[in-house]
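Here the structure comes first, spelled out in structure tokens, and everything after it is commentary.
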Amino acid sequence: MSERNAALLVPPGESATLQLDRSLSAYVVRGERPGPVVWAWAPRGESDPSMAQALGELRDRLSPREMAGAVGLLIDGPPPPVAREAYQWSAAIRGVTDGADAVVLLAGPPTPYVAMAHAELDVTDGTARSLGRALGARFVLPMKLPLNRSIITAPAVWWLDGESERMSRAVIDRASAALGSLLGTLGVTRDPLVRPDVRVVIKSVVTVETGGGVLEPVVAPGDIVEKGQALAYQGPPGSRERRTLRAPVSGVVLYLPAVPMPGVTEIGIGKLARALPTVQRTRHKATPEFDVGWCEHVALPELGVRLKAKVDTGARSCALHVTAMREVGFDDDGHVILDIELPDDRGVSRTMRVMVVEYTHVKDSGGHTERRPVIETLLALGARAWRVRVTLTDRGDMRFPMLVGRTALTADMRVHPTRQYLWGR
């Protein structure tokens, strides 16, 4: 470990404020035992109150007696040194990063956007990827703001979450947990590790123009969406001019406008690329398996029905019995609108209006190919509910009005071929 790092100016087992520059100070907690040096930095300080608060709470809970190494905190730090820009704090920040094992910069997205918790780093750098994993980042993006590597010489990662200029307890807690996980992983503290179910790299960002004005989101940052799924409704409240904004690709919602404001016109969708190297998806035994029988009573809350369904791992897609359907027009995005008649498990028919996501050709058990409309709806079983795509067809000659295919089954579901109605009749 380099003795050049400013954190090591504090004696072992003590805490102190260091004056790094005439206009820049830092707080350092150094453990009694040798270990890694980690710096956490809130570049915008009070303009990012959640991140500044997270660092303040980290400072208050760190105890030199229970630590190894050192933790330096720039709670109201200067802007980060961006590549190819003049930087007046070069010497001070080089003294912070030289010989450090990790530098974490915490920030919210520019106002008035709100973003999910994620890490941005150099995805080609194995050490940076390790920091992303240690922070418990569920999603990782390539670093948008390239840092000046002649000044920040340590492995660095951005932690972004919430909304700048707004205090949020959830954002504070997530940032605090991420830093605790990093310190616990490196052996600085005994903090528990944060282990998200899936960690993936996002290869590119696709934006959806909202057109400005009043926006009613129906998804939140961090949600996984499928292509064609509704993201938000845009337009004057109570008017017929409101339109539906849909996901142009499948991916994760990265950010949304927080408030209506001129020029704030984008929803960001991240296209998923791959799992972070050496990190595996959670094994089934890490979470309780969800047992289902070969047939179950399921609910379709958005359609207002409950009915019997056959769970068929040999079928690719879901199918739903309708007694009648007719086209009644198109929505603002050109999707076909259908009126359908849908019987429930009591034989009572309901007339519903649904939007067609796409049309697909399906070959039935008799080998006949049929062109069917596909809708997206919520499927509920037991305490769970998740979105599925369902084809509409006449299943009047079938025992079960709904077929649940394998594309609707989650990774932890275990289908029992000899048991039925495990979730009640």
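Here are the numbers for this structure:
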{"item": "Qualifying positions in the stretch 385-402 - touching a residue at least 40 places away in the same chain (Cβ under 8 Å) and touching a Ser or Thr at 6+ places or on another chain (Cβ under 8 Å)", "result": "Arg387, Val388, Arg389, Val390, Thr391, Asp394, Gly396"}
{"item": "Residue in the stretch 374-382 that is in a strand (DSSP E or B), assigned by TED's automatic domain parsing to the domain that holds His297, under 25 Å from the mean Cα position of the chain (by Cα) and among the small types (Gly, Ala, Ser) present", "result": "yes"}
{"item": "Test result for Ala115, farther than 22 Å from Pro81 by Cβ and crowded, with 22+ Cβ neighbours inside 10 Å", "result": "yes"}
{"item": "Given (1) closer than 28 Å to Ala247 by Cα; (2) at pLDDT below 85; (3) surrounded by 14 or more Cβ atoms within 10 Å (Cβ to Cβ); (4) not small (Gly, Ala, Ser), index of the condition Asp344 fails", "result": "(1)"}
{"item": "Restricting the stretch 314-328 to residues that are in a strand (DSSP E or B) and of a type in the set (Gly, Ala, Ser), the residue that is nearest to Asp339 (Cα to Cα)", "result": "Ala324"}
{"item": "Any chance Arg44 is surrounded by fewer than 19 Cβ atoms within 10 Å (Cβ to Cβ), within 29 Å of the chain's Cα centre (by Cα) and not β-branched (Val, Ile, Thr)", "result": "no"}
{"item": "Some residue of the stretch 131-150 being at positive phi and modelled with pLDDT of 85 or more", "result": "yes"}
{"item": "Among the residues listed as Gly45, Gly69, the single one being at pLDDT below 95 and over 17 Å from Trp159 (Cβ atoms)", "result": "Gly69"}
{"item": "Selection count where residues are in contact (Cβ under 8 Å) with a residue 24 or more places away in the chain and under 22 Å from Gly228 (Cα atoms), scope the stretch 344-371", "result": "8"}
{"item": "Selection within the stretch 123-160 - closer than 19 Å to Ala107 by Cβ and among the small types (Gly, Ala, Ser)", "result": "Ala128, Gly132, Ala134, Gly136, Ala137, Ala154, Ala156"}
{"item": "Answer residue from the stretch 355-376, given it is β-branched (Val, Ile, Thr) and at pLDDT below 90 and is surrounded by the most Cβ atoms within 10 Å (Cβ to Cβ) among those", "result": "Val357"}
{"item": "Strands (runs of 3 or more DSSP E) contained in the stretch 131-240 and holding at least 1 residues within 26 Å of Pro80 (Cα to Cα)", "result": "139-142, 156-162, 200-209"}
{"item": "Selected residue [part of a loop (DSSP other than H, G, I, E, B) and at pLDDT below 85] from Pro248, Pro262", "result": "Pro262"}
{"item": "Hey, Ala128 free of Cβ contacts under 8 Å to residues at least 60 places away in the same chain and either part of a strand (DSSP E or B) or polar (S, T, N, Q) (or both) or not", "result": "no"}
{"item": "So Ala100, is it buried (at least 22 other Cβ atoms within 10 Å of the Cβ), in a loop (DSSP other than H, G, I, E, B) and touching a residue at least 24 places away in the same chain (Cβ under 8 Å)", "result": "yes"}
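A quick yes/no check of all residues on (1) of a type in the set (Val, Ile, Thr); (2) closer than 15 Å to Thr97 by Cα; (3) assigned by TED's automatic domain parsing to the domain that holds Ser176:
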site: Ser25; (1), (2), (3): no, yes, yes
site: Arg33; (1), (2), (3): no, no, yes
site: Val37; (1), (2), (3): yes, yes, yes
site: Gly45; (1), (2), (3): no, no, yes
site: Met51; (1), (2), (3): no, no, yes
site: Arg61; (1), (2), (3): no, no, yes
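The values are calculated or read from the model by the stated rules, or taken from the named source; none is laboratory data. Owing to the predicted nature of the structure, the values given are computational and were not obtained by experimental measurement. Because the Cβ atoms are built from the backbone with ideal geometry, glycine has one as well, and the counts that use them run over all protein chains shown.
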